[in-house]
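Enquirer: One structure follows; several queries about it will come next.
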Amino acid sequence: MKTLWLAPIVILLFAAALVAENKDVSFNAADGFTLKGTFYSAEKGGPGILLLHQCNADRRIYDQLATMLNAAGYNVLAFDFRGFGGSKAGEYTDFPAQRQNIMERMPGDVEAALNFLTAQTTVNNRALGVVGGSCGVNQAVQAGRRHPEIRTLVLLSGGTDAAGEAYIETSPKTPILGAASEEDTNAAAAIRRIVGLSTSPYSRVDMFKDVGHAASMFAKQPDLEADIVIWFRSNLPVGGYGLPPAIR
Amino acid sequence: MATKISVVAFPILLLLIVAPAGVATPAANQDPPGVVTFHKDVLPLFQKNCQSCHRPGQIGPFSMLTYKATRPWAKAIKAAVASRKMPPWMADPRYGHFDNDRSLKEADIDTIVAWVNNGAAEGDPKDAPPPIEWSAGGWQIRPDVSLDLPPYPVPAQGIREWERIAFPAPFKEDTWVTSVEILPGVPAVVHHMCFGFQKHQPTTPYNLYEWMDVPRDEEGVTINRDGTTRGPGKGTVLTREVGRTEEKRRQGRAMIQHEGTNEFCYLPGLPYEDYRAVNAGVFVPAGSDMIVSLHYTATGLAVIDRSRIGFTVTKVRPPKKFLPQDGAEEEDPPVGRRQANIQLAIPPYEGSYLGPPAEITFLKDVELVWFRPHAHVRGKSVRYTLRHPDGREEIVLNVPRYDFNWQLTYRTSLKIPKGARMHVQFTYDNSTANRYNPDPGKWVYYGGQSWEEMGTPNMGFLIPSDADENDFIKER
């Protein structure tokens, strides 16, 4: 009975997502493959946030989070990796069967998405953040490694490789919010390891119980989406003197 | 393809569909007595303390107007109020009394925490207080008169010095201004926006931005540290007409001089100025100019700022006149006012540096009505100590954790006798522990840019409305 209150909330959140203004977009990766996404534009301009989905879902899993982030002043891009959602086409239509092939192309897909995001007129391309879930965690970390303008990461239920760990250890100015569910044993351990390696004093890990994997946690832990928005407002300011000036 | 789907009926329909599965119906919303509910217990607190910022179009990241909008943020709200992070209020409660104290009482915090801990119940909407009727257009005051500043293109990069622009004041007759609100168009790029009134001078041009060239090193640090916020009074003057991009240079003095003071300001986190509660105003004679000081900061995104200024006014002389504290002018006055802390030099990695104190002497009896301490990203704390003529010392405001993102005004009523002195001490954190410190390894000097530092006491006073406002205070 105690969880029944969640039902109308989830429904209302879903409805809120529908009233948000957003735009379906497409852009090409370097190899010419067309990726599909949804862009939420910040009316007054502001930082940009890229949402990288897990490998058992597509970009729609971030509909509500994207809406909340957008309402809080952020430009948001959620896109489908090739082989997922709207980006199933050509030779990329079956992720389980083409796992290695698709995974190898994920960094290029992320680059294309970042290029698209930072090309938008409302996006401050010096102030970026990335959310990654599960297989998207390593992609988020690697994007941070390649782009110093990515100032903070939110990582849900996943791990990274040695290069990613080295980047995290040497990035004291990149705070990380990690989250996972305890029974999701490997993912929880990976998130704990990442946040433990972080040399930013502001990095934090949120552990839950029995709420699932990556962005699927939102359904049973709806407060997590709000916490992510608050995290970005604290670590990727939309205004005030906390926004670093751009002298050059 | 753009999508904007309005589905007002949609959630209601879905609620009706799933209601038989056990979702609470309106009848079930009637919680037993004693249960903390949104409408009965929590909404009044939110209306009083939160909704001015947490509503559509304001700076809060989400709306707290309704249960539907608020509920997803319940846990975050609990964390913010329990830690006293919200509402933002930085004054040490041991000192002073402030009319606009936004901090929650312990009982209020307990109510909100209990509401969240017990499932954040909605309760009966009939228990809700009437909604606040907020002003349209994003205003917090209800302006009688408003004006739009010219669109200002802020480039993605580069340094914008403090600029001035003059306009005819939007009043045809002698007028008392009783409240002012400056609404920045793009708050992210507005470092400050201040203005004051003065009698029109034939040499004052309109629709012209004017600023002094400030020599800077390659990292943007002022080379000539003369303590002015706009550069030297004489030197290279730059101008640009409104709506144009060409800049003109000449040697000499600025044409837009401001003999008076900045009565009104916008700073990040600063609400509107309102003198109605203390029966005061600022007198604006017919034919006055507004001298506006603008400081924009490039953030990496080119934007066009369209800021607005709104006023409430009266033709009836109020009992008291508002007088802001300002810096002293010297024989060869700088264009920008001379600040009290021009010797400021913060060593690298210094975590608690005492800045040069400011001291203001009161030459007549005066009523202090607000403090508004101002520093930049390395500001750590500030303390105002009143030294009475009989030698007593009284801490009248202590801000132990200064937050540059909340340039708050602390409203009070403090009767200060002639001969008293206000001692103002800022401290700065140039260490790695300051997360907003752009470079702990650098010396930091006085300057008007956010990577430089300031330490401005900023106080507001009331004097009889027929009194001469000169010679009330002296600053060093």
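No lab work stands behind these numbers, since they all come straight from the coordinates. On a predicted model such as this, the values are computed, not experimentally measured, just so you know. Positions of Cβ are backbone-derived with ideal geometry, glycine not excepted, and every protein chain shown enters the neighbour counts.
Enquirer: How shielded is B:68-76 by partner chains, expressed as the average number of their Cβ atoms within 10 Å of its Cβ atoms? Spell out each step's value before the answer.
Expert: Working: counts 6, 3, 0, 7, 12, 8, 4, 7, 9.
Counting other chains' Cβ atoms within 10 Å and averaging over B:68-76 gives 6.
Enquirer: Report the gain in length on full extension from B:L270 to B:I223: 0.36 nm times residue separation, minus Cα-Cα distance, nm rounded to one decimal.
Expert: Residue separation times 0.36 nm, minus the Cα-Cα distance, leaves 13.9 nm.
Enquirer: When Lys and Arg each count +1 and Asp and Glu each count -1, what net charge do the other residues less than 15 Å away from B:A433, Cβ to Cβ, add up to?
Expert: Numbers: positive: A:K173, B:R378, B:K380, B:R401, B:R435; negative: B:E350, B:D403, B:D429, B:D439.
Net local charge, B:A433 excluded: +1.
Enquirer: Further, regarding this structure: Across segment A:74-83, in residue order, what do the Karplus-derived ³J(HN,Hα) couplings come to in whole Hz, using 6.51 cos²θ - 1.76 cosθ + 1.60 with θ = phi - 60° and x for Gly and Pro?
Expert: 9, 7, 9, 10, 10, 9, 8, 4, 4, x
Enquirer: Pop out the ³J(HN,Hα) list for segment A:28-38 in order, Karplus 6.51 cos²θ - 1.76 cosθ + 1.60 with θ = phi - 60°, rounded to Hz; leave Gly and Pro as x.
Expert: 9, 6, 4, 8, x, 5, 8, 9, 9, x, 10
Enquirer: Which whole number gives the average count of other chain Cβ atoms within 10 Å of the Cβ atoms across peptide A:222-230?
Expert: Details: counts 5, 9, 1, 3, 10, 4, 1, 5, 9.
Across A:222-230, the average partner-chain Cβ count within 10 Å equals 5.
Enquirer: Could you check which residue among A:P148, A:P175, A:P201 shows the biggest mean-square fluctuation in a GNM of chain A with a 10 Å Cα cutoff?
Expert: Comparing A:P148, A:P175, A:P201 in the GNM, the peak value goes to A:P201.
Enquirer: How far apart, in nm, are two points set 7 Å out from the Cα along the Cα-to-Cβ line at B:S413 and at B:T203?
Expert: A separation of 4.4 nm, rounded to one decimal place.
Enquirer: How much length, in nm to one decimal, is gained on full extension between B:E247 and B:H423, taken as 0.36 nm per residue of separation minus their Cα-Cα distance?
Expert: That works out to 59.2 nm of additional length.
Enquirer: Lysines within cross-link reach of B:K126: Cα-Cα under 21 Å, excluding same-chain residues under 8 positions apart?
Expert: List returned: B:K40, B:K48, B:K68.
Enquirer: How many angstrom lie between the Cα centre of segment B:39-61 and the Cα centre of segment B:169-194?
Expert: If you average the Cα positions of each part, the centres end up 24 Å apart.
Enquirer: Taking the Cα-to-Cβ direction at A:E183 and at B:D124 and moving 7 Å from each Cα, how far apart do the two end points lie in nm?
Expert: 4.0
Enquirer: So which lysines can B:K248 reach, going by Cα to Cα under 16 Å and dropping same-chain residues fewer than 8 places off?
Expert: Result set, ordered by chain and number: B:K234.
Enquirer: What is the gain in length, in nm to one decimal, between B:R306 and B:Q343 on full extension, counting 0.36 nm per residue of separation less the C-alpha to C-alpha distance?
Expert: Fully extending the segment from B:R306 to B:Q343 adds 9.7 nm.
Enquirer: On to the next question. Hey, can you grab everything whose amide H is under 5 Å from the amide H of A:K44? Only 5+ residues off in sequence or another chain; H modelled, so Pro and N-termini drop out.
Expert: Distant-sequence amide H within range of A:K44: zero hits.
Enquirer: Ranked highest first by the average count of other Cβ atoms within 10 Å around their residues, in what order do B:203-211, A:190-198 fall? Display every interim value, and only then the final one.
Expert: Details: B:203-211: 16.6, A:190-198: 19.4.
Ranking the peptides B:203-211, A:190-198 by packing returns A:190-198, B:203-211.
Enquirer: Roughly how crowded by other chains is peptide A:231-242, in terms of the mean Cβ count from those chains within 10 Å of each of its Cβ atoms?
Expert: Numbers: counts 1, 1, 5, 2, 1, 0, 5, 5, 11, 16, 16, 9.
That works out to 6 on average.
Enquirer: Describe numerically, in nm with one decimal, the distance between label points set 7 Å from Cα along Cα→Cβ at B:K85 and at B:M255.
Expert: About 5.0 nm separates the two model spin labels.
Enquirer: Assuming R0 = 35 Å, what is the FRET efficiency of B:K315 and B:K48, from their Cβ-Cβ distance, to the nearest 0.05?
Expert: It comes out at approximately 0.60.
Enquirer: Another question, if that's okay. Enumerate lysine pairs in chain A that are 8 or more residues apart or on different chains, then count those whose Cα atoms are under 22 Å apart.
Expert: For chain A, the number of qualifying lysine pairs is 7.
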